[in-house]
Amino acid sequence: MSKVAKVEESVEVAVPVGVAYNQWTQFEEFPLFMQGVERIEQRTPTLTHWVTKVDGVSREFDAKVVEQIPDERVAWTTVEGEVHQAGVVTFHRLDDRNTKVMLQLEHEAQGAVEHAADKLGLVKRQITQDLKRFKTYIESRGVETGGWRGRV
């Protein structure tokens, strides 16, 4: 039996909303700040293939962007593979130089280990740490490495 875990976390970053948003659309760079993400391949503007390894467990899955509005939001869902999740990241302009990045994720725990991790709050902790690493990554650069401004 699987259980859906819901996590909501946010971080404030000291870059303009456009910079934060543009960097977030560079999926192939997620391994630079997301622990456990080994590789992401951008297959089409809306389809990515993920390879992850968490606590020695490797998983692969495809995720599809189902909604994308520049400088506002990116929403996705998994469409194939060993992971079942859906989420949205939203970007909130605080002022000309600061942005709040909010991530909401629904993740279907698979098996006893993932159920235990969920009960211990490890998924939430992982997301919190990934957002902190995103903050460090984008603030240390000050500019995005690219951006996709298309709408979905």
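The values are calculated or read from the model by the stated rules, or taken from the named source; none is laboratory data. Predicted model only: the values in this text are computed from it and were never measured. So basically every Cβ, Gly included, is an ideal-geometry build from the backbone, and we count neighbours across all protein chains shown. Heads up: the accessible areas ignore ligands, DNA and RNA and are worked out on the full protein's heavy atoms, side chains in. Shrake-Rupley method; radii C 1.70, N 1.55, O 1.52, S 1.80 Å.
Here is how the numbers come out for the structure above:
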| read-out | value |
| --- | --- |
| Sequence of Asp71, Asp96 from largest to smallest accessible area, 1.4 Å probe | Asp96, Asp71 |
| The stretch 1-54: C-alpha gyration tensor shape, a/c 1.5 cut-off, then a/b vs b/c | oblate |
| Heavy atoms of Val143 accessible to a 1.4 Å probe, total area in Å² rounded to 10 | 80 |
| Carbon and sulfur %, accessible surface of the chain computed with the full protein complex present, 1.4 Å | 50 |
| Where the stretch 1-137 is the region considered: accessible area per residue in Å², 1.4 Å probe | 53 |
| Under 14 Å, Cβ to Cβ, from Val51 - net charge with Lys/Arg +1 and Asp/Glu -1 | -3 |
| Structure-based [θ]222 nm, the chain - -39500 (n - 2.57) summed over DSSP H runs of at least 4, per residue, nearest 500 | -7500 deg cm²/dmol |
| Rg/Rh ratio calculated on Cα atoms of the chain (Kirkwood radius) | 0.95 |
| Dipole-positive endmost among Ile138, Gln26, Gln110 within the chain (Cβ charges, Cα centre) | Ile138 |
| Nearest-20 debye value, the chain charge dipole, Cβ charges on Lys, Arg, Asp, Glu | 240 |
| Relative contact order (%) - the stretch 7-127, alpha-carbon pairs under 8 angstrom, separation at least six | 27 |
